[in-house]
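Enquirer: First the structure, then my questions, so here it is.
The values are calculated or read from the model by the stated rules, or taken from the named source; none is laboratory data. Just so it is clear, the model here is predicted, and its values are computed rather than measured. Reconstructed Cβ throughout: ideal geometry from the backbone, glycine too, with neighbour counts over all protein chains shown.
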Amino acid sequence: MSQATATERPVLTAPAAAAPGRLRLTLHQIRYEQLSFWRNPQSVFFTFALPVMIIVIFGAVFSGNQPDSFFYGLSGMQYFTPTVAALSVFGACYGQLAVSLSIRRQNGILKRLHATPLPAWTYFAGLLAHALVVSAVEVLLITLVGYCYGVPLPAQWGTAIASLVLGAASFCALGVGVSSLISNSEAASAVVQFIQFPLMFISGNYFPIHSAVLDDVADALPMRPLNQALLGAFTGHGDVPWRQLAVLLAWGVLGALVAVRRFRWDNRR
């Protein structure tokens with residue numbers, strides 16, 4: 001009887017047995033990244049203060065504005081609330097990630113991590129989850145400020161969430177890819193801003209760009225597709241932005257390929 005019972009018991013394979021351990025390790029790494037961030041009050045304050053300050057300034061300038069052709073038939077705040085939200089996601093997932101990885105490489109943190117049993121994918125899963133959390137908080141704050149200035153909440157929540165998650169993942173991949181091309185931490189901010197500011201300018205994050213040539217260029221880059229997807233989600237105009245999501249996905253894949261081929265755990269070239 002005991003032999004039959006023993007035979008009937010399912011045998012737990014090695015991958016199945018290791019799955020809970022991998023999940024716990026991933027959750028531990030996510031918790032570590034979160035604690036490292038939230039225990040630095042100065043970093044937390046300025047991370048969230050900048051996008052909120054930008055949208056408050058825009059609210060003071062454009063509050064009460066009527067729809068205008070300059071803003072594609074929207075009011076100023078209806079235009080800037082989703083575009084500033086997209087800008088904050090780009091900054092949290094691309095800019096901060098590229099700079100922080102460059103600093104950790106320069107300080108030898110990545111090299112020491114690589115020498116531990118921690119799998120590389122677990123480490124990057126923690127970074128991605130952290131960037132998603134920071135992005136979500138920033139977008140929530142910006143949306144609430146916009147709501148206080150009369151901007152309705154997103155009409156298409158599913159499209160907004162899908163666009164933000166895919167945009168955040170793509171920007172994280174680009175951030176890791178760009179960090180692998182930065183030679184030292186002193187150059188990190190300059191390299192990141194050299195890419196970031198022209199991209200945001202031609203994508204219309206600072207103000208609408210009414211140029212067919214620049215629009216065609218920006219449509220093929222990752223920032224404007226997220227702007228367009230969020231504008232549609234906030235206003236409820238249009239269907240699911242499949243083309244914009246496809247562009248974001250393509251840039252995420254490109255960033256991931258660069259990261260896989262070029263990422264370094266130390267400063268050796």
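Enquirer: Could you say which residue among Tyr32, Tyr79 is aromatic (Phe, Trp, Tyr), farther than 30 Å from Ala229 by Cβ and either modelled with pLDDT under 90 or surrounded by 11 or more Cβ atoms within 10 Å (Cβ to Cβ) (or both)?
Expert: Going through Tyr32, Tyr79 in turn, just one is aromatic (Phe, Trp, Tyr), farther than 30 Å from Ala229 by Cβ and either modelled with pLDDT under 90 or surrounded by 11 or more Cβ atoms within 10 Å (Cβ to Cβ) (or both): Tyr32.
Enquirer: Of the residues Leu254, Leu221, which single one is in a loop (DSSP other than H, G, I, E, B), under 18 Å from the mean Cα position of the chain (by Cα) and surrounded by fewer than 19 Cβ atoms within 10 Å (Cβ to Cβ)?
Expert: Leu221
Enquirer: Could you please tell me which pairs satisfy a Cβ distance under 8 Å, a separation of 6+ or placement on different chains, a first residue in region 95-116 that is hydroxyl-bearing (Ser, Thr, Tyr), and a second residue that is assigned to a helix (DSSP H, G or I)?
Expert: Filtered contacts from region 95-116: Ser102/Ser179; Ser102/Ser185; Ser102/Ala187; Ser102/Ala188.
Enquirer: Let me ask something additional. Looking at Ala190, is it free of Cβ contacts under 8 Å to residues at least 40 places away in the same chain and over 28 Å from Met77 (Cβ atoms)?
Expert: yes
Enquirer: A further question follows. Do we have Ile182 as among the β-branched types (Val, Ile, Thr), within 25 Å of Phe234 (Cβ to Cβ) and either at pLDDT 90 or above or touching a helix residue (DSSP H, G or I) at 6+ places or on another chain (Cβ under 6 Å) (or both) here?
Expert: no
Enquirer: Residues in region 232-247 that are of a type in the set (A, V, I, L, M, F, W, C) and either within 18 Å of the chain's Cα centre (by Cα) or modelled with pLDDT of 95 or more (or both): how many?
Expert: The number of residues fulfilling the criteria is 4.
Enquirer: Could you tell me how many of the residues in region 117-149 are outside any helix (DSSP H, G or I) and either touching a Phe, Trp or Tyr at 6+ places or on another chain (Cβ under 6 Å) or surrounded by 14 or more Cβ atoms within 10 Å (Cβ to Cβ) (or both)?
Expert: Adding up the residues that qualify gives 2.
Enquirer: Sort out which residues of region 196-209 are surrounded by fewer than 16 Cβ atoms within 10 Å (Cβ to Cβ) and modelled with pLDDT of 90 or more, and write them in order of number.
Expert: The answer is Phe197, Pro198, Phe201.
Enquirer: Right, Phe171: in contact (Cβ under 8 Å) with a residue 40 or more places away in the chain, crowded, with 21+ Cβ neighbours inside 10 Å and among the aromatic types (Phe, Trp, Tyr) or not?
Expert: In short, yes.
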